[in-house]
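The values are calculated or read from the model by the stated rules, or taken from the named source; none is laboratory data. Being a predicted model, the structure only gives us computed values, none of them experimental. All Cβ positions, glycine included, derive from the backbone under ideal geometry; neighbour counts span all protein chains shown. Each accessible area value is taken on the protein alone, full model and side chains, heavy atoms only, with ligands, DNA and RNA left out. Shrake-Rupley method; radii C 1.70, N 1.55, O 1.52, S 1.80 Å.
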Protein chains: 2
Amino acid sequence: MNVGLICPVWFPVPPEAYGGTERVVALLAEGLVDAGHEVTLFASGDSRTRARLESVFQTAPSEWIGHTYWEMQHLVHAIRRADEFDVLHDHTGLLGLAFGGLVEAPFCHTVHGPLVAGPGRMYDDVTSLAPNAKLISISLNQRKPKPDLPWIANCPNALDLSVYPFRRKSGGEYLLFLGRMSPDKGAHRALAVALETGLPLKIAAKCREPLEIRYFDEFIRPHLGESIEYVGEVGHADKVELLMGARALINPIDWEEPFGLVVIEAMACGTPVIATRRGALPEIMEHGRTGVFVDNYREMEETEVLELADQLDPAELRREIEQRFSPEIMVSNYVAAYEATIAATGA
Amino acid sequence: MNVGLICPVWFPVPPEAYGGTERVVALLAEGLVDAGHEVTLFASGDSRTRARLESVFQTAPSEWIGHTYWEMQHLVHAIRRADEFDVLHDHTGLLGLAFGGLVEAPFCHTVHGPLVAGPGRMYDDVTSLAPNAKLISISLNQRKPKPDLPWIANCPNALDLSVYPFRRKSGGEYLLFLGRMSPDKGAHRALAVALETGLPLKIAAKCREPLEIRYFDEFIRPHLGESIEYVGEVGHADKVELLMGARALINPIDWEEPFGLVVIEAMACGTPVIATRRGALPEIMEHGRTGVFVDNYREMEETEVLELADQLDPAELRREIEQRFSPEIMVSNYVAAYEATIAATGA
């Protein structure tokens, strides 16, 4: 199949540090190439890929994130060439979806963000203006606020298992929080659990935007000390190291997160995850077998909860990821989605 | 006729101070209402108009200027209702043009900016994706870099003559520069002319963005004194006062400005304009009768040039504006453009 993949233009592919969507697109591009497909990746020129790279910008215009004029140049470059591909697959946002409405060629769009409130209403409006575009969810839970959008497939994210070694370090006593500094993600809740249980906590999180810095200064920084450590925004190697040594990943999210990459990253390393039962997480973990759920994050402080996490079999966590969240599975899900898109567009 | 007008969303209509496009849209909306048309104006909720106002935002989201997510909400609101109007007329930018491609109803778009370099290429690309959209220029010179775009009409801007009184103040000895702090507009060139001739100069200019402030600090501020005065960004009343008292407006632009509102503002007040022969200005002024042209701005220092400006008849300048740049003429140009758009869309 001849596929055109449109990545968000704001960061190179794969991303240096934080950047879940870009990481998934990178993996999909490589996986499609491995599966013998012809792949053109529209991304910034500082990206690295075995697909054919097509760029308007030599380096990712990160400082202009969210600005129409920059994203539009990137999108127009791809959309104008829609006829060259069997299918054009967009990973940007609402602007990409709108541009998809300007072509008659097969076009699908993965929704990487949540569909609540304003963005949900905008998806209603833009799909009504671009009725040929087909949508792909990354979890079934993500669709809940908008079940009637033109969904064509559900394609959960995946991991490159070769860079997540399954090698538990023994004696890891610390809890780990991994994400970004935002109330949604809940570093302050992980902190409360650590303070209450007396267990050490390491916090690795993106903290760049003004709101992230304000949240950090107000809720996290005052509690840092010997037992509670902020290790900054970590690259891949440090992240894996932290995961391998952690007693458990604490994931006390308080929003309908559409996927939860950090959870499958931890499981791939054999690290148990203790999480609130929110968003797509019940589609990823099974309580008592491949993860531990609580209804309220304060339950994470209870001895039985941590003991249940200790009892999970790291090998089973790893196996679960290999069987359900491998690149091969994501690629075959997407190829099926492309076929469905092409069939629906012909109809 | 039932017209939907889409204004840029970043500033209220009419604008408080700087904002040429918003001022023209306000005038067009009022003029269409006066001519008996049914007009719906899509603009921020803090706008004032006798058209029916439709707003997504209660106040203009100026701090988000250029951000897709904000402009898209505004545009989708209007575009979804395209079928309710005989014609939808967009004044935003490339994003509005792209959305015009998503509807089959009659849609036209006034290009308010220049079509050189990047924006010119983007207009090529977006019109090729939105072939139903019809374009309106504000001068013939504006079309020069892109003569083959789907032009349907040329509609020069206009002035509300009732708020530009024709009442020359005698004895005005100062030169006036009016615009924004940008090398294109050429406050530093007006300054050089004033310094060389020894004539006093008043500079009224928008100076808000970092680049504007840097330019001001570097090229203008060091020369301010008794004779060279910076009076800030002025509101309408102060602007008219400055125009009425000036010996001449110095307009030493160094770019292909697509129109030149400040020139017709000056002429409406009977104030002669000395300008470089660039952009659309030759479509507005006639050398020796309604204005003075120079090929190089340094010629503005020559005694004959200023004397030629002194000899122009203020009443003739005023009459020229009344006859060629009145709201009535702009409205009738636009109504003809709407009829042409509707006819071309039916075809």
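Does A:His89 satisfy the condition of being away from every other protein chain (no Cβ under 14 Å) and surrounded by fewer than 22 Cβ atoms within 10 Å (Cβ to Cβ)?
Working: away from every other protein chain (no Cβ under 14 Å): yes; surrounded by fewer than 22 Cβ atoms within 10 Å (Cβ to Cβ): no.
Taking the combined requirement at face value, the residue does not satisfy it.
Within the bounds of the stretch B:30-45, is there any residue that is under 28 Å from B:Leu161 (Cα atoms), under 18 Å from the mean Cα position of the chain (by Cα) and open to solvent by 20 Å² or more (accessible area, probe 1.4 Å)?
We begin by selecting, within the stretch B:30-45, every residue under 28 Å from B:Leu161 (Cα atoms); these are B:30-45.
Pick out the ones that are also under 18 Å from the mean Cα position of the chain (by Cα) and you get B:30-31, B:43.
Cutting the leftovers down to open to solvent by 20 Å² or more (accessible area, probe 1.4 Å) gives us B:30.
Among the residues of the stretch B:30-45, at least one is under 28 Å from B:Leu161 (Cα atoms), under 18 Å from the mean Cα position of the chain (by Cα) and open to solvent by 20 Å² or more (accessible area, probe 1.4 Å), which makes the answer yes.
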I'd like the full set of residues that are of a type in the set (Asp, Glu) and within 30 Å of A:Glu38 (Cα to Cα), limited to the stretch A:83-126.
A:Asp83, A:Glu84, A:Asp86, A:Asp90, A:Glu104
For the stretch A:263-281, check the following and say yes or no: at least one residue is among the small types (Gly, Ala, Ser) and open to solvent by 40 Å² or more (accessible area, probe 1.4 Å).
no
In the stretch A:203-254, what residues are of a type in the set (Lys, Arg) and either out of contact with any Lys or Arg (no Cβ under 7 Å at 6 or more places or on another chain) or more than 24 Å from A:Arg23 (Cβ to Cβ) (or both)?
A:Arg208, A:Arg214, A:Arg221, A:Lys239, A:Arg247
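Against the condition small (Gly, Ala, Ser) and open to solvent by 10 Å² or more (accessible area, probe 1.4 Å), how does A:Ala246 come out, does it pass? Before you say what the answer is, go through the steps one by one.
Working: small (Gly, Ala, Ser): yes; open to solvent by 10 Å² or more (accessible area, probe 1.4 Å): no.
No: the conditions fail for A:Ala246.
Kindly establish whether B:Gly66 is open to solvent by less than 20 Å² (accessible area, probe 1.4 Å) and of a type outside the set (A, V, I, L, M, F, W, C). Spell out the reasoning first.
On the way: open to solvent by less than 20 Å² (accessible area, probe 1.4 Å): no; of a type outside the set (A, V, I, L, M, F, W, C): yes.
The answer is no for B:Gly66.
Tally time: how many residues in the stretch A:155-199 are under 23 Å from A:Thr276 (Cα atoms) and not in a helix (DSSP H, G or I)? I'd like the intermediate steps shown before the answer.
Taking the stretch A:155-199 and keeping what is under 23 Å from A:Thr276 (Cα atoms), we get A:155-159, A:172-199.
In the following step, the residues that additionally are not in a helix (DSSP H, G or I) were identified as A:155-159, A:172-186, A:198-199.
Selection size over the stretch A:155-199: 22.
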Condition first: outside any helix (DSSP H, G or I) and among the charged types (D, E, K, R). Now tell me which residues in the stretch A:200-219 satisfy that.
A:Lys202, A:Lys206, A:Arg208, A:Glu209
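Can you tell me which residues in the stretch B:168-195 are open to solvent by 10 Å² or more (accessible area, probe 1.4 Å) and touching a strand residue (DSSP E or B) at 6+ places or on another chain (Cβ under 6 Å)?
Within the stretch B:168-195, the subset open to solvent by 10 Å² or more (accessible area, probe 1.4 Å) is B:168-174, B:178-180, B:182-185, B:188-189, B:192, B:195.
Residues satisfying the conditions are B:Tyr174, B:Leu178, B:Gly179, B:Arg180, B:Lys185.
Output yes when any residue across the stretch A:179-186 is farther than 30 Å from A:Glu299 by Cα and either touching a residue at least 24 places away in the same chain (Cβ under 8 Å) or of a type outside the set (Phe, Trp, Tyr) (or both), and no when none is.
So in the stretch A:179-186, the residues farther than 30 Å from A:Glu299 by Cα come out as none.
No, that holds for no residue.
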Please verify whether B:Pro165 is open to solvent by 20 Å² or more (accessible area, probe 1.4 Å) and free of Cβ contacts under 8 Å to residues at least 60 places away in the same chain, treating the condition exactly as stated.
no
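Could you tell me how many of the residues in the stretch A:92-122 are open to solvent by less than 30 Å² (accessible area, probe 1.4 Å), of a type outside the set (Val, Ile, Thr) and within 13 Å of chain B (Cβ to nearest Cβ)? Walk me through how you get there before you give the answer.
Narrowing the stretch A:92-122 to residues open to solvent by less than 30 Å² (accessible area, probe 1.4 Å): A:92-103, A:105-111, A:113, A:115, A:118, A:120, A:122.
Restricting the remaining residues to those that are of a type outside the set (Val, Ile, Thr) gives A:93-102, A:105-109, A:113, A:115, A:118, A:120, A:122.
Subset that is within 13 Å of chain B (Cβ to nearest Cβ): A:93-102, A:105, A:107, A:113, A:118, A:120, A:122.
Count: 16.
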Residue count, the stretch A:145-162, condition buried (at least 16 other Cβ atoms within 10 Å of the Cβ) and small (Gly, Ala, Ser), comes to 2
Selection count where residues are without any contact (Cβ under 8 Å) to a residue 40 or more places away in the chain and more than 14 Å from chain A (Cβ to nearest Cβ), scope the stretch B:43-67
12
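Do you know which of the residues in the stretch A:123-144 that are among the hydrophobic types (A, V, I, L, M, F, W, C) and surrounded by 17 or more Cβ atoms within 10 Å (Cβ to Cβ) is nearest to the other protein chains (Cβ to nearest Cβ)? So that I can check it myself, show each step before the final result.
Here is the first cut: in the stretch A:123-144, the ones among the hydrophobic types (A, V, I, L, M, F, W, C) are A:126, A:129-130, A:133, A:135-136, A:138, A:140.
Within this subset, residues satisfying the condition of being surrounded by 17 or more Cβ atoms within 10 Å (Cβ to Cβ) are A:126, A:129-130, A:133, A:135-136, A:138.
Working: A:Val126: 6, A:Leu129: 4, A:Ala130: 6, A:Ala133: 11, A:Leu135: 16, A:Ile136: 21, A:Ile138: 20 Å.
Filtering first and then ranking leaves A:Leu129.
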Please determine, by comparing only the residues of the stretch B:220-243 that are in a helix (DSSP H, G or I) and open to solvent by 50 Å² or more (accessible area, probe 1.4 Å), which one is modelled with the lowest pLDDT.
B:His236
